[in-house]
1. Give the Rg (one decimal place) followed by the Dmax (whole number) of chain B, computed from C-alpha coordinates and expressed in Å.
2. Quick one: if the Förster radius is 30 Å, what FRET efficiency do B:GLU519 and B:ASP137 give, using the C-beta to C-beta distance and rounding to 0.05?
3. Measure off 7 Å from each Cα along the Cα-to-Cβ vector at A:ASP30 and B:GLU30, then give the distance between these two points in nanometres to one decimal.
4. Would you tell me the accessible area of A:GLU89, worked out with a 1.4 angstrom probe on the heavy atoms of the protein chains, in Å² to the nearest 10?
5. Can you give the relative contact order of chain B as a percent, counting alpha carbon pairs under 8 Å and 6+ residues apart?
6. Normalised by the number of residues in the range B:143-292, what is the relative contact order in percent for Cα pairs under 8 Å and 6+ residues apart?
7. Quick one: of B:LYS70/B:LYS342; A:LYS39/B:LYS165; B:LYS248/B:LYS275, which pairs are farther than 25 Å apart, Cα to Cα?
8. Could I have the simple spin-label model distance between A:HIS60 and B:GLU219, label points 7 Å from Cα toward Cβ, reported in nm to one decimal?
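The values are calculated or read from the model by the stated rules, or taken from the named source; none is laboratory data. On a predicted model such as this, the values are computed, not experimentally measured, just so you know. Cβ placement follows ideal geometry from the backbone for every residue including glycine, while neighbour counts extend to all protein chains displayed. The protein model used for the area step is the full one, side chains on, heavy atoms only, and it has no ligands, DNA or RNA in it. Shrake-Rupley method; radii C 1.70, N 1.55, O 1.52, S 1.80 Å.
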Amino acid sequence: MSQLIQLQANGQARVVEDTWTRVIPPAAADAAVRKQAGKVVLFKLTGEASFTEEQLAQTHIPPTGNILVPLAVWQAHKATLQPRLAAGEIGIVLATHETVEALQAEFADLNQLPLIAIFVERFSDGRIFTLGHWLRSRCGFKNELRAIGDVLRDQLFFHKRAGFNSFLIRADRSAEAALSGLNDFSQPYQGAVDDVPVWRRLNRSQA
Amino acid sequence: MYKYDPIDQQLINERVAQYRDQTRRFLAGELSDDEFRPLRLQNGLYIQRHAPMLRIAVPYGLLSSKQLRKLADIATRYDRGYGHFSTRQNMQLNWPKLEDTPEILAELATVEMHAIQTSGNCIRNITTDQFAGIAPDEIIDPRAIAEIMRQWSTFHPEFALLPRKFKIAVSGTEQDRAIVQAHDIGLEFYLDAHGQMAIKVWVGGGLGRTPILGTVIREHLEWQHVLSYCEAIIRVYNVHGRRDNIYKARIKILVKALGIDEFKRQVEAEWAHLKDGPLTITQAELDRVAHYFEPMPYQTLPAHDASFDAALASNPAFAAWVKRCVHAHRVPGYRAVTLSLKPHGKAPGDITSEQMHVVADLADAYSFGELRSSHEQNLILADVRLSDLFAVWEKARAAGLATPNIGLLTDIICCPGGDFCSLANAKSIPIAEAIQRQFDNLDYLYDIGELELNISGCMNACGHHHVGHIGILGVDKDGSEWYQVTIGGKQGKDASIGTVIGPSFSAEEMPGVVQRLIEVYVRERQDEERFIDTVRRIGIAPFKAHVYAEQEVVS
Ligand code: SF4
């Protein structure tokens, strides 16, 4: 069963096969637990490095097919990956603590990328929404924008409004069941990537 | 007040359905504790010491009599027959069952109420002055913009999971009663040089563990841009606020770390992309919403009323109540009335279902069917005729709602504390009750005069202890409950954060400590000086000396 939900051009959502292979660096050797104020740190700060050089060097990259690579992996391997970018085989994963500026620094035209995925390690990390917003409204990114990682039904409506059009539901949850989360509300109040504020959308004055 | 149109109602109904399904999935084991937590919190549901606590939104403190009756019925049916007004103008139920909460929300939806975003790491209920629209010192009634902002912030897709909670207050008066400087964003409305409604924007204020007053990020913002400007601020915060340490996650820490100049630079750079875009509020939308906040259909009345004057002259108890609980109104012949939820010896802010019915009836009979809650945890009838005050007083007094102590020492702001709250270091309600008993002499209270005493059960500061003239904070010392005392805090335009006077005290010592603080004030005060003025003039040293000196003799 596929975990991938895709919004179609007509606004309908469907569970579809995932044609992309994710490239994931091996785990870090010294995965020391970081603590702050006695609690395990769950979130990286915006701007923190994602992988060590060692991890990046040891990352296995499949030789063919569509691959979804973390931005840092692209940076480390771009000499060899460049031709595949031209062939439309490269999608980029940005983590929620990484910046849109870093992505733009690599790709003058983001629309060269058929797919950008934002990886959210914990669903409660709301940076994913602002990144989606920026990619769509500021950077003019028009292709597939995918939420991956700890992606759950109860946040899908927000993801959608922040500009995402595909959603890779966490492996232990049903993508079919999550579909309904995309339609929790029919007339949201505020403007977002997908729409203007309700008072510009509809005539409320007759109330 | 604002009335829902079909769009508002549908949204609330859809929320009930969504939450009902989320609760069902949680109870069926399909959602983990961690997954359900933000969902229930954003519906106002905490898991507390004894039971869940449900916090119901009272947007900017405005309620209709119909809504209050519904709250009374809910408190009777699903709780223990009482509710508690919080310092954010909301109502809290202390004993609902988790399984019942979807049903409670469905009931609330029938009277245009909800519990959306009353907790959690999102934009919370927007608070304002309890006298908005009627205060003589008001320059601009901020409620229409507050309602527009309520709608904008409700289920905001980008700001649903911020680093930490986010509180906004609005005020449009000379004398700020909404403590805008103690909020993540404070919006101070004024008329600019062109006579247009404009906003001074404060950012990064907050109480809690690191109390700090806000900084002005923009002196002049045209009202049309309030949504885009707030969106720019919160976007910068969403990305750069610290998520690695819960104690450093509020926007005030980010503003401090970057410095206001750099923070402002980032906000303004972001805003440049948004300004004049679709978030710009149109005159038509402002007018549509402002229409709901037009002045009440007041009668033309003389400024004086003979029956009122006669009652005042002949009835000292009534006169005392009028002095403390009746407030000026901008329309001749009308007054605002505060119904005290601070009877001596009872938990501040608590109200029984029967009392809610009484208040609803009073609102219907004497105040256009509306009422307000204040951050001082009292209820207000905003539009009472002078000639009706005596009748209101008699009925309120019969229901225990006319303690003439508003603004006095026993009008204590107090969080639920260790009796209910699982975060508490110490109990707060019994301290409030003990102090109220210690000062249960009205003549003495009047002699002491205006004094704000605020109590929080832990450094989350829900009881706003930092801005109390006397602030009391529950602290934990080796597993037992102690209380730290600050003096010199103040809300309003000249807000300040109180100073700790020294080592903390046990619960039994607290009434005596307050007593000794008052003794120094009574000894030192000049002319018409209030407690806070004396503290500001002479500093904390004389207070400290007296409080600790006597203690050594005693023990
Ligand atoms: S101040 Fe602390 S104890 Fe009091 S209600 Fe807030 S969190 Fe609970």
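1. 23.0, 69
2. Numbers: r = 33 Å, r/R0 = 1.11.
For R0 = 30 Å, the calculated efficiency reads 0.35.
3. It works out to 4.5 nm between the two label points.
4. Accessible surface of A:GLU89 is approximately 50 Å².
5. Values: 1164 pairs, mean separation 68.4, N = 555.
Result for chain B is 12 percent.
6. Details: 235 pairs, mean separation 33.2, N = 150.
The value is 22 percent.
7. On the way: B:LYS70/B:LYS342 22 Å; A:LYS39/B:LYS165 19 Å; B:LYS248/B:LYS275 30 Å.
In this structure, B:LYS248/B:LYS275 exceed 25 Å between Cα atoms.
8. 6.4
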